[in-house]
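Remarks on the structure that follows.
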Amino acid sequence: MYPVEAICQMLCHPISTGLELFGTFWTLILVCGWLNCGNTRLREIARRGNKVQQSSSVVVVGGGGRGTRSEKRGGRYVAEPAGVSVVMPVKGCRPHSVSNWLSQVNMQYSGPLEFLFVVESEADPAYGALTELLRSEEWTGVSVLVAGQSTTCSQKIHNQLTGVAKANSAHKYLFFLDDDVQLHPTTLEDLVGTLEGDPSLFMATGYPFDLVSADGSVFSHAIAAYHHILGIGATSTEQHMFIWGGCMLVPLKCIQEDGFGIKSAWRNGGYSDDLILVTTCKEYGLKTICPFYSVFPQRLHRCTYWDFWNYLHRQLFVMDTYRNRTGMLLNWTLLSLLALLGVLMSTPMLLSAIRAAMWLASGQTSCCQSRLEYLPQVWLLLWLLASLAFWRLLRIMATLFTKLSPNRDDGVPRLTLEYLLKFWAGFYLCWGMIAAVAAY
């Protein structure tokens, strides 16, 4: 009984009560945040449905080769879409790599298009796999480049810069992709259309959405929890400061000519391509957009503790890299806010969960008399609502993925108590460890 009495005494302390109220507040924020994310995606699903119904017939005029056609829509001719050079730094060959590469090369785009896969050396397994694909698929406009070992920046950035140097200077855009991103067929067409439709925009990006399989471990859910919380801000609006390096559409001329010093910052000690772009856009007031349709399924299966640790450490380590004082202040502020958010979110919510568990076990409303004796029931109700809001978001995202990629199945696992317990255990593990990992 002594441990229970000690816990009860701790929970009755005014500070603990205040933290529990804060935990209840954070749970309410999660409910509202996930509901709002789901609603924005529902509007995108409805918009795409209306777009299909209202689309005009397309009349092809001219040759049938890639990049040689113009279109007639609604009685007028539409100019040929801008040329795009797709640059993909590649390392290794994982189980889904080939299917991802196929989805990228086979994407729908009617304008001039080239694909530049860049590896460090011919010894990389990806080099052999890609050259074999080139022979078997008889692709045109696809090249495999060997960048060599980097000496002044991260290998990924070195590979990207090799692709930039070889990109067709007549093209208008560079499309940087991670090799593990599985695109939707119309992603590039949509992103180019978005930038072409608003000249005030500098670049467009996307966002990964983690889908944990039914057999995923707690550590798989812990990895996903990092994105699912940050995603509340990154996916609730289209224009914000978030940029994901796995999907970036930027002006080719700007990068090749070192506009805003981006190429120099990448080459001279650059570690994180996307954070350097975030700093640059913030410093020069450049507008970015992450459209609601630019979201990609990222499947997680059984991950180990070390998979989770390495992932979280890498996510936080890059925030200690910067190009100048502005970048340093911005990244350190973000890192401090993440660490603070982790402590202020996980600790109060954990205390609320402990009190709710004690209430369920004992049947008593509270182990101490106060005006907040029904706080466990309130938090438990909000916890249930948060779980349902998150599950609703998963189902909506699966529907959106089906709309964007009709021939692909991105269904969600069945809702079970085991899945929910793993999800929340991963949530507490991730956000409870962020401050410690940040200080590591």
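Here is the tail figure for the chain: Cα pairs spaced more than 40 Å apart come to 24 percent of all pairs.
Taking 0.36 nm per residue of separation and subtracting the Cα-Cα distance, what length does fully extending D124 through A357 add?
78.7 nm
Ordered by solvent-accessible area of protein heavy atoms (1.4 Å probe), largest first, the residues E196, E257 come out as E257, E196. For the chain, the per residue solvent-accessible surface stands at 46 Å², with DNA, RNA and ligands left out and a 1.4 Å probe.
With both residues required to sit in the chain, DSSP beta bridges show an antiparallel share near 35%.
Placing unit charges on each Cβ (+1 for Lys and Arg, -1 for Asp and Glu) gives the chain a dipole about its Cα centre, and among L201, L312, V295 the Cα reaching farthest toward its positive end belongs to L201. Could you tell me the distance between the Cα centroids of segment 151-225 and segment 245-297, to the nearest Å? Taking the Cα centre of segment 245-297 as reference, the centre of segment 151-225 is 11 Å away.
Taking Cα atoms only, the orientation of helix 417-439 departs from the longest principal axis of the chain by about 80 degrees. Rounded to the nearest 10 degrees, the inclination of helix 2-12 to the longest alpha-carbon principal axis of the chain is 70 degrees.
For segment 79-183, applying the loop criterion from DSSP together with a ceiling of 14 other beta carbons within 10 Å to the GluC sites (Glu not before Pro) yields E122, E138.
I need the peptides 269-282, 97-110 ranked by packing, meaning the mean over residues of other C-beta atoms within 10 angstrom, with the highest value on top.
Ranked by mean Cβ neighbours within 10 Å, highest first: 269-282, 97-110.
What a 1.4 Å probe finds exposed on the chain is 59% carbon and sulfur by accessible area, rounded to a whole percent. Axis of helix 187-197 versus longest Cα principal axis of the chain: the two differ by about 80°, to the nearest ten degrees.
The values are calculated or read from the model by the stated rules, or taken from the named source; none is laboratory data. Owing to the predicted nature of the structure, the values given are computational and were not obtained by experimental measurement. Neighbour counts are summed over all protein chains in view; Cβ atoms, including those assigned to glycine, are modelled from backbone coordinates with ideal geometry. Keep in mind that these areas ignore ligands, DNA and RNA; they rest on the heavy atoms of the full protein, side chains included. Shrake-Rupley method; radii C 1.70, N 1.55, O 1.52, S 1.80 Å.
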